[in-house]
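A quick write-up on the structure given underneath.
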Amino acid sequence: DAGVHSKAWYAATCDRKMAEDALYRSNKDGSFLIRKSSGQDSRQPYTLVVFYNRRVYNVPIRFIESTRQYALGREKSGEERFDSVAEIVENHQRTSLVLIDSQNNTKDSTKLIHIVRVS
């Protein structure tokens, strides 16, 4: 188990649109939640949804079968790996998360500050 089910930031029944709407309503940089990924793929079970600079970013959370760990985004060399999704959140509450906008080819970064609950 990824350690998500009892967490305030985990939106169990939330889809992408609901998550994005909730974050736009919060309108605070560093607002975030974690939802199940749309694809229901065991290799990418969750998505970290972050609001920054009037944009919502959907960051895939990958499950790495060989090490039973989790990582953010596309696989890259030297990436940070975590034993649970909760560890990813705790880490990025302390250290900035890089947000990559693939359409505009820009990079931003923010910490995970405000937990957003989806009603």
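In a reduced charge model with +1 at each Lys and Arg Cβ and -1 at each Asp and Glu Cβ, the chain shows a dipole moment near 300 debye about its Cα centre. Taking the accessible area of the chain, probe 1.4 Å, and keeping the other protein chains in place, the carbon and sulfur fraction comes to 43%. The residues of segment 1-115 have, on average, 58 Å² of accessible surface per residue, using a 1.4 Å probe with all protein chains present. Non-local lysine pairs in the chain, meaning eight or more places apart or on different chains, with alpha-carbon distances under 27 Å, amount to 16.
Would you be so kind as to identify which of 27, 113, 39 lies farthest towards the positive end of the dipole of the chain, taking Lys and Arg as +1 and Asp and Glu as -1 on Cβ and the Cα centre as origin? It is 27. Subtracting the Cα-Cα distance of residue 77 and residue 27 from 0.36 nm times their residue separation leaves 14.7 nm of extension gain. Mean residue ellipticity, 222 nm, helices only, the chain: the sum of -39500 (n - 2.57) across DSSP H runs of n ≥ 4, divided by residue count and rounded to 500, is -5500 deg cm²/dmol.
The values are calculated or read from the model by the stated rules, or taken from the named source; none is laboratory data. A quick note: this is a predicted structure, and the numbers were derived from the prediction, not measured. Every residue, glycine among them, receives a Cβ derived from its backbone with ideal geometry; neighbour counts consider all protein chains shown. Accessible surface areas use protein heavy atoms only, side chains included; no ligands, DNA or RNA. Shrake-Rupley method; radii C 1.70, N 1.55, O 1.52, S 1.80 Å.
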